[in-house]
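Inspection log for the structure reproduced underneath, given as structure tokens.
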Amino acid sequence: MQKKLFIAMFITGFLFSAQAHFMSSIWPQKSLSSHEYGNPSASKRVLIGGVASSFKNALLKNVIDSLMKDSVYVKAVGLKDLAKEPATQWSVVLILNTCMAWEIENTVKNYMNSFPLYNSFIVVTTSGNPKTCGSAAKLPKNIDAISTASKTVKLPEVLARVLELLRKKLGR
């Protein structure tokens, strides 16, 4: 009986993972454009990796504008380039993510799992239904997570929370 239950659970998990991979393959998200802001030798450094959308681009612009006032070096990269940036080289890694098949992107999970002792991740996940995706419980470890709908009306609230977490992690 236990063997049949294990097999059923394994098949269900495999199918769910395959669905998430399939969804990200047929519905690829546009990557953030790579840009650098500020002085690369600054003591406080923030890496922002993720996908683009009108909501995420507006959030990104506001976050960068705020960090520039604090003399923080910021580098923005797409998800595909995220793996080239060791998290440990950054004071904070902010990831702008999209919910796919009720999960965060596999690229994001794999990146965070590559740095199990690094505790300065902030993940913002956008979804049509933020309660189904992006909660801290669905992430590889106990990290700061924000889940929201991609609605302009939500931008000030999400921006305030992201800036609060960034300042805390940057020691400001």
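Taken together, the values in this text are just the output of simple stated rules run on the coordinates, not laboratory data. In this text the structure is predicted, and so the values were computed from the model without any measurement. Cβ coordinates were reconstructed from backbone atoms using ideal geometry, including for glycine residues, and neighbour counts include every protein chain displayed.
Modelled spin-label separation between Lys168 and Ala42, with each label point placed 7 Å from Cα along the Cα-to-Cβ direction: 2.1 nm. For the cross-link pairs Lys30/Lys168; Lys84/Lys151; Lys44/Lys84; Lys44/Lys109, the ones whose C-alpha atoms lie over 26 Å apart are Lys30/Lys168; Lys84/Lys151. Model label sites at Asn113 and Ala160, defined 7 Å from Cα along the beta-carbon direction, differ in position by 3.6 nm. With each label modelled as a point 7 angstrom along the Cα→C-beta vector, the Val153-Ser54 pair spans 1.5 nm. Over segment 30-170, the fraction of Cα-Cα pairs per 10 Å bin, rounded to whole percents and listed from the shortest bin up, is 12, 48, 35, 4. Taking a straight Cα-Cα cut-off under 19 Å and skipping sequence neighbours fewer than 8 places away in the same chain, the aspartates and glutamates within cross-link reach of Lys80 are Glu36, Glu103, Glu105.
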